[in-house]
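Down below is the structure, laid out as structure tokens.
Read-outs throughout are calculated quantities, based only on the coordinates presented, and are distinct from any laboratory measurement. It should be emphasised that the depicted structure is a prediction, and the values quoted were computed from it without experimental measurement. Because the Cβ atoms are built from the backbone with ideal geometry, glycine has one as well, and the counts that use them run over all protein chains shown.
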Amino acid sequence: MGIVVTGATGNVGRPLVRVLAAAGERVTATSRGISGDDTPDGVRHRRADLAEPDSLRPVFDGATALFLQDGGAGAHLVDPRQVVDVARSAGIERVVLLSSQGVATRPRSVSHGGTGRSFEEAVRQSGADWTILRPGGFGSNAYAWADSVRTRRTVAAPFADVGLPVIDPADIAEVAAAALRDGGHAGRVHELTGPALSTPRQRAEAIADALGEPVRFVEQTRDEAREQMLRFMPGPVVETTLAILGAPTPAEQRISPDVARILGREPRAFADWARRHVAAFR
């Protein structure tokens with residue numbers, strides 16, 4: 001079975017390619033900027049753009065399974081129905097979609113609910129065996145603090161003591177690999193979270209522990225955080241993100257059992273992610 005992984009340079013796609021390759025699967029890794037140096041031995045790499053579905057036709061050649069993500073910052077440029085149609089016409093029989101918890105918890109948000117919903121509908125109606133993954137916040141979002149930790153040993157964030165069950169992208173990748181390789185996940189929606197609520201202050205402490213050095217935490221006001229986020233995120237995305245971070249719904253704070261049920265172990269804690277990626281903060 002050939003497996004295509006889109007977004008193969010991303011926080012989920014990268015470990016997913018490694019997991020699949022280690023399992024002996026025939027993998028094609030693709031993204032807009034991927035290079036041959038970025039993939040494990042034996043993995044085919046192809047440049048392609050989800051916003052240009054025809055560029056995917058040679059990527060799908062000989063594959064029967066697809067890991068699909070929404071194109072990240074360029075998601076608004078992607079027509080998911082066209083992507084799925086090209087995949088199906090090329091012989092893709094199984095699609096595992098990386099969606100978002102926001103489809104269920106923030107349905108009125110275009111950025112968090114609307115985009116994910118359009119992809120989910122396209123996949124559900126594709127005629128392929130589908131599995132939908134709905135993770136909450138990624139532990140890797142802490143990369144946003146890397147520069148300030150490296151240069152000033154400081155983390156600045158709002159809502160210091162509001163907890164969310166952030167998930168390690170490596171756990172998402174392992175669940176995705178299971179769904180891609182095992183047809184028993186067809187027609188299922190998996191909600192993916194970490195093992196416990198984690199606050200920004202606690203995550204800063206975990207980074208400090210991984211470094212073996214103190215890291216100062218500075219709590220931002222909502223307005224300070226908004227001003228900073230607007231430098232690299234559209235306004236509607238910022239507002240929904242601040243709402244999730246500052247006033248999460250009960251569903252957004254719920255600890256899902258799905259990672260443990262699928263992988264047979266508890267999901268990784270944020271501290272584990274911090275230890276594995278501490279080099280980014282040195």
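Normalise the Cα radius of gyration of the stretch 2-148 by 2.2 N^0.38 Å (N = residues in it) and let me know the number. Don't skip to the end; give the middle numbers.
Values: Rg = 14.9 Å, N = 147, 2.2 N^0.38 = 14.7 Å.
The stretch 2-148 yields a ratio of 1.02.
The Rg/Rh ratio of the stretch 133-282, with Rg taken over Cα atoms and Rh as the Kirkwood radius over Cα pairs, comes to 0.99. Panel order for Leu180, Leu164, Leu242, by other beta carbons found within 10 Å of each beta carbon, from fewest to most: Leu242, Leu164, Leu180. For every other residue with a beta carbon closer than 13 angstrom to the beta carbon of Leu133, add +1 if it is Lys or Arg and -1 if Asp or Glu, then tell me the sum. Once positives and negatives cancel, what remains is -4.
Here the stretch 38-97 and the stretch 132-149 have alpha carbon centers that stand 24 Å from each other.
Net charge in the neighbourhood of Ala51 (other residues with Cβ under 14 Å of its Cβ; Lys, Arg +1, Asp, Glu -1) is -2.
Taking the DSSP bridge list for the chain and keeping only pairs wholly inside it, about 5 percent are antiparallel. Using the Cβ-Cβ distance between Ala146 and Glu266 with R0 set to 30 Å, the FRET efficiency from 1/(1 + (r/R0)^6) comes to roughly 0.70. Across the chain, the mean sequence separation of Cα contacts (distance under 8 Å, 6 or more residues apart), normalised by length, yields a relative contact order of 17 percent. Under the simplified labelling scheme, the Ala251-Arg26 pair shows an inter-label distance of 4.0 nm, with each label point 7 Å from Cα along Cα→Cβ. Kindly identify the stretch 67-201 as rounded, prolate or oblate by the Cα gyration tensor criterion: order the square roots of the eigenvalues as a ≥ b ≥ c, call it rounded if a/c is under 1.5, otherwise compare a/b with b/c, prolate if a/b is larger, else oblate. Prolate is the answer for the stretch 67-201, as a/c is 1.5 or above and a/b outweighs b/c. Ranked for footprinting exposure by Cβ neighbours inside 10 Å, fewest first, Val96, Val238 give Val238, Val96.
Would you please classify the overall shape of the stretch 198-282 from the alpha carbon gyration tensor, given that a ≥ b ≥ c denote the square roots of the eigenvalues, rounded means a/c under 1.5, and beyond that prolate means a/b larger than b/c while oblate covers the rest?
Working: a/c = 2.16, a/b = 1.16, b/c = 1.86.
Verdict is oblate for the stretch 198-282.
With all pairs of separate Cα atoms included, the stretch 59-112 yields a Kirkwood hydrodynamic radius of 12.4 Å.
Axis of helix 200-211 versus longest Cα principal axis of the chain: the two differ by about 90°, to the nearest ten degrees. In the chain, the calculated helix contribution to ellipticity at 222 nm averages -10500 deg cm²/dmol per residue, counting -39,500 (n - 2.57) for every DSSP H run with n ≥ 4. The value given for the stretch 180-230 is a Kirkwood hydrodynamic radius of 14.9 Å, derived from the mean inverse Cα-Cα separation. Were the residues from Arg188 through Asp54 laid out at 0.36 nm apart, the gain over their Cα-Cα distance would be 45.4 nm.
Segment Val278..Val110, full-extension length gain: 57.1 nm, with 0.36 nm per residue of separation and the alpha-carbon distance subtracted.
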